[in-house]
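What follows is a single structure, written as structure tokens, with notes after it.
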Amino acid sequence: MAFVKEFGADEAIDYHAHNWYEVLAPGSVDVVYDAVCQDGTGDLAYRVLKDGGRFITLLPGALASATTAAARPSIKQTFYMLNQTATADLDVLRGFVDSKLLRGFISETYDLDGVRSALNQSIAGHVVGKLAISVAASEGGHITFV
């Protein structure tokens with residue numbers, strides 16, 4: 001929990017012990033960012049979001065139902081497909097990083113030969129932070145994928 005607070009969280013919720021949507025008061029949150037993408041998460045998020053709040057998820061299956069969304073039209077929900085790239089969005093994020101408004105934590109960096117180990121570690125779950133793959137150009141200046 002201390003790790004999360006180091007990133008500036010006002011409150012940290014241990015998801016092993018509590019459901020975030022039961023701990024947070026209704027209408028107490030400005031933004032819910034969902035990286036887990038389980039069905040029904042949007043409906044749960046709408047409970048805790050303030051009027052005018054925002055729910056952001058990575059896959060459409062986690063979006064709030066049409067009924068839930070219609071009942072609270074001031075809340076906006078968005079999903080970003082994992083395979084989409086948008087240079088403008090990345091530039092905004094880079095600005096946040098450069099100005100220290102957004103920080104990340106890389107738990108471990110693997111070289112390209114270690115992709116299998118990185119995948120196994122990710123599948124095992126509960127990685128603190130992110131795993132990174134360092135892809136270096138070969139001697140000929142090209143990146144080779146096998």
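Couple of notes before you dig in:
- On the stretch given as segment 1-29, residues that are closer than 16 Å to Ile75 by Cα and either surrounded by 16 or more Cβ atoms within 10 Å (Cβ to Cβ) or at pLDDT below 95 (or both) total 1.
- Among (1) at pLDDT below 95; (2) part of a strand (DSSP E or B); (3) farther than 30 Å from Gln121 by Cβ, the one test that Thr109 misses: (3)
- For segment 20-33, the candidate set comprises residues that are in a loop (DSSP other than H, G, I, E, B) and free of Cβ contacts under 8 Å to residues at least 24 places away in the same chain; within that set, the residue that is nearest to the chain's Cα centre (by Cα) is Ser28.
- Residue selected from segment 30-49 under the condition over 21 Å from Ala12 (Cβ atoms) and modelled with pLDDT of 95 or more, by the criterion surrounded by the most Cβ atoms within 10 Å (Cβ to Cβ): Gly42
- Restricting segment 125-144 to residues that are in contact with a Leu (Cβ under 9 Å, 6 or more places away or on another chain) and in a loop (DSSP other than H, G, I, E, B) leaves a set whose member that is modelled with the lowest pLDDT is Thr144.
- The residues on offer are Ile106, Ile133, Ile123, Ile75, and the sole one that is β-branched (Val, Ile, Thr) and within 20 Å of Trp20 (Cα to Cα) is Ile75.
- Checking each residue in segment 50-102 for being aromatic (Phe, Trp, Tyr) and modelled with pLDDT of 95 or more picks out only Phe55.
- Residues located in segment 39-56, provided they are of a type outside the set (Ser, Thr, Tyr) and closer than 13 Å to Phe79 by Cβ: Asp39, Gly42, Ala45, Arg54, Phe55, Ile56
The values are calculated or read from the model by the stated rules, or taken from the named source; none is laboratory data. Not measured: the values here are computed from a predicted model. Every residue, glycine as well, gets a Cβ built from its backbone with ideal geometry; the counts of neighbours run over all protein chains shown.
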